[in-house]
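Chemist: Just passing along the structure, written as structure tokens.
Readers should treat all values here as calculations from the given coordinates under stated rules, not as data from a laboratory. Predicted, not measured: the structure shown is a model, and the values here were computed from it. As a convention, Cβ positions derive from the backbone with ideal geometry for all residues, glycine included, and neighbour counts pool all protein chains shown.
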Amino acid sequence: MKNAEFNEFKTISKRYAKALLELCEADNVNKEFILHDLENVKEALNNSYELVNLMKTPGVSKADKQNVISKIFDGKIHKITLNFLLYLTPVFGIIGHIFPIYFYTFITILNLFIFNIYLFI
């Protein structure tokens, strides 16, 4: 990934992280629960080539991808986290091959926001 692309994804990640934190605050949800959920999603992605490949495949419809995400994570992660993943489903196909990098960048930025560390963002 080129530096310009990474900076763009970092900027987008910051926006999504802030929006997710605002949802947590509005619903009085512990932000660390959401971060823990996302870490579990990251682990699922690390352990399932099939899931990552499905999310990256442009020929699979948004509805089918959302259905798979719901079946895997519904009842296992907070509703805010699940809805966030479902909202981001179209992004999975757009960023395709760099989805894991994008997701890990997002988690890092969210972590920094939660713990009020603003040195690198």
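Chemist: Quick check: residue separation of residue 115 and residue 49 times 0.36 nm, minus the Cα distance between them. What number comes out in nm?
Modeler: So the chain would gain 20.7 nm between residue 115 and residue 49.
Chemist: Shifting gears a bit: Along the Cα→Cβ direction, 7 angstrom out, place labels at residue 11 and residue 79. What is the inter-label distance in nm?
Modeler: The modelled label-to-label distance comes out at 3.5 nm.
Chemist: Extension gain residue 3-residue 39, at 0.36 nm per residue separation less the Cα-Cα distance, in nm?
Modeler: Working: separation 36, 0.36 × 36 = 12.96 nm, distance 2.49 nm.
Separation in residues times 0.36 nm, less the Cα-Cα distance, equals 10.5 nm.
Chemist: Using only the Cα atoms of region 1-93, build the gyration tensor, take square roots of its eigenvalues as a ≥ b ≥ c, and label the shape rounded, prolate or oblate: rounded if a/c is under 1.5, else prolate if a/b is larger than b/c, else oblate.
Modeler: Note, shape of region 1-93 comes out oblate.
Chemist: Oh, and also: Of 56/76; 14/71; 42/71; 31/71; 56/79; 42/76, which pairs sit farther than 20 Å apart, going by alpha carbon to alpha carbon? Write out the running numbers ahead of the final one.
Modeler: On the way: 56/76 23 Å; 14/71 28 Å; 42/71 16 Å; 31/71 23 Å; 56/79 23 Å; 42/76 14 Å.
The pairs that break the limit, which is 20 Å between Cα atoms, are 56/76; 14/71; 31/71; 56/79.
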